[in-house]
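Laboratory data are not the source of any read-out in this text; all were calculated from the coordinates shown. A quick note: this is a predicted structure, and the numbers were derived from the prediction, not measured. Note that we place each Cβ from the backbone using ideal geometry, even for glycine, and neighbour counts take in every protein chain shown.
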Amino acid sequence: MKILIAADMEGVTGVVHWDQVSSRHSEYERFRRLMTQDVNAAIRGAYAGGASELLVTDGHGAGRNILIEELDERARLNSGTPAPYSMVQGIDSGVNAVMFIGYHARVGTPHAILEHTWSETSVANLFLQGEPCGEIGLNAALCDFFNVPVILISGDQAACSEAAELIPGIETAVVKRASGRMAAELLTPALAHEKIAEKAAAAVRKLTSGAAPQPHRLAPPIHMEIEFVHSEMADRAALLPGATRSGRRIAYTANDMAAVYSAFRAAVNLA
Ligand SMILES: [Zn+2]
């Protein structure tokens, strides 16, 4: 049983501020270690639950946050960017399930640590099939496209509720309770890691017994709209072949979620 751990940083144990997840700030070194420890807790739990192979993808920023020298040696690490499937690189390598570790809520969610969708400076909103969508929804839709279920999320209470609404039956490990965008009541690392490991083991056991969430492929055509923060961002993103423009939004439609995922990344990079 091969599990992919897709790791982000804003939902990691202890994180409440951008300085803690930005490599240019002195606090970052502490929090990349905590990110590595959150991932190690999930690896430990996944093996305890019956997993036999673990792949980890570092999905925050440039994908160079997890400390390879401190990562559980039973796992392999996808590091660096850009990779074909970005935050869920490895999704096409025959994995049986995915775990989202250190994830955060979509842009606009109240009481959610560092909520945003992909780029806090350029993306004002994202819609998939007309519904508001964040990184949880976007990455899960790509996992669904490969017929792989997402079985666990860790992060704050808002990220966990967003995932539970989207993916009924997903296991959730709440490591902090946000009272604002940059304020939360935190679990200490020891307790948070115990919780992540416990939920990861439960998620793999549910998968083995057939009780885990099933992947739900979006029915084509898949329609995406991205609203940008400034008009000139939409000017640039509208250069994407096949995109149509309206106000600060661009729209894009394809039959295949992998194409929509690539188009989203291309548009945000152009913007
Ligand atoms: Zn991130």
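The region of the chain that goes longest without hitting one of the GluC sites (Glu not before Pro) in a DSSP loop, each with at most 16 other Cβ atoms within 10 Å, is 121-271. Only the Cβ atoms of Lys and Arg (+1) and of Asp and Glu (-1) were treated as charged; on that basis the dipole of region 1-68 about its Cα centre amounts to roughly 160 debye.
Would you mind estimating how fast region 175-271 diffuses translationally, via Stokes-Einstein at 10 °C and 1.306 mPa s with the Kirkwood radius over Cα pairs, in µm²/s? Translational D for this selection: 93 µm²/s.
Rg of the Cα atoms in region 139-203, relative to 2.2 N^0.38 Å, amounts to 1.18. In this label model, Thr244 and Arg205 are separated by 5.1 nm, measuring between points 7 Å along each Cα→Cβ vector.
Springs between alpha-carbon pairs under 10 angstrom, Gaussian network model over the chain: which of Gly49, Gly242, Gly61 fluctuates most? Fluctuation is largest for Gly242. Relative intensity of region 1-129 on a log10 scale, I(q)/I(0) at q = 0.11, 0.13, 0.19 Å⁻¹, equals -0.38, -0.53, -1.09, per a Debye sum over C-alpha point scatterers of equal strength in the absence of solvent. Taking every alpha-carbon pair under 8 Å whose residues sit at least 6 apart, the chain reaches a relative contact order of 20 percent.
If we count other beta carbons within 10 Å of each Cβ, what is the order of Tyr85, Tyr252, fewest first?
On the way: Tyr85 24, Tyr252 21.
In increasing order of surrounding Cβ atoms, one gets Tyr252, Tyr85.
How much of the pair distance distribution for the chain lies past 32 Å, counting alpha-carbon pairs only, in percent? Cα-Cα pairs of the chain separated by over 32 Å account for 18 percent. For region 167-186 versus region 94-161, the inter-centroid distance based on Cα atoms is 13 Å. Can you give me the Cα centroid spacing of region 18-43 and region 189-267 in angstrom? If you average the Cα positions of each part, the centres end up 24 Å apart. Between Ser246, Ser23, Ser161, the residue with the greatest mean-square fluctuation in the GNM of the chain (Cα pairs under 10 Å linked by springs) is Ser246.
Give me the percent relative contact order of region 222-270, please, defined on Cα pairs under 8 angstrom at least 6 residues apart. Each step should come with its number before you reach the end.
On the way: 71 pairs, mean separation 21.2, N = 49.
This gives 43 percent for region 222-270.
When the Cα positions of Gly137, Phe264, Val150 are compared along the charge dipole of the chain, Val150 comes out farthest toward the positive end, with charges on each C-beta of Lys, Arg, Asp and Glu. Region 222-270 gives an Rg/Rh value of 0.93, both radii derived from C-alpha positions and Rh following Kirkwood. Relative to the longest principal axis of the Cα atoms of the chain, the long axis of helix 157-166 lies at roughly 70 degrees.
Applying the Karplus relation 6.51 cos²θ - 1.76 cosθ + 1.60 with θ = phi - 60° to region 27-36 yields 3J(HN,Hα) values of 6, 4, 4, 5, 7, 6, 5, 5, 4, 4 Hz, where x marks Gly and Pro.
Assuming charge only on the beta carbon of Lys and Arg (+1) and of Asp and Glu (-1), the dipole of the chain about its Cα centre is about 180 debye to the nearest 20.
Determine the relative contact order of region 58-191: mean sequence separation of Cα pairs under 8 Å and six or more apart, normalised by residue count, in whole percent.
Values: 215 pairs, mean separation 29.6, N = 134.
Reported relative contact order: 22 percent.
Residues of region 155-175 with an amide N closer than 11 Å to a point placed 7 Å from the Cα of Leu191 along the Cα-to-Cβ direction: 175.
Note on the chain: antiparallel DSSP beta bridges, both residues inside, total approximately 45 percent of the bridges counted. If R0 equals 30 Å, the separation of the Cβ atoms of Ile68 and Thr121 corresponds to a calculated FRET efficiency of about 0.55.
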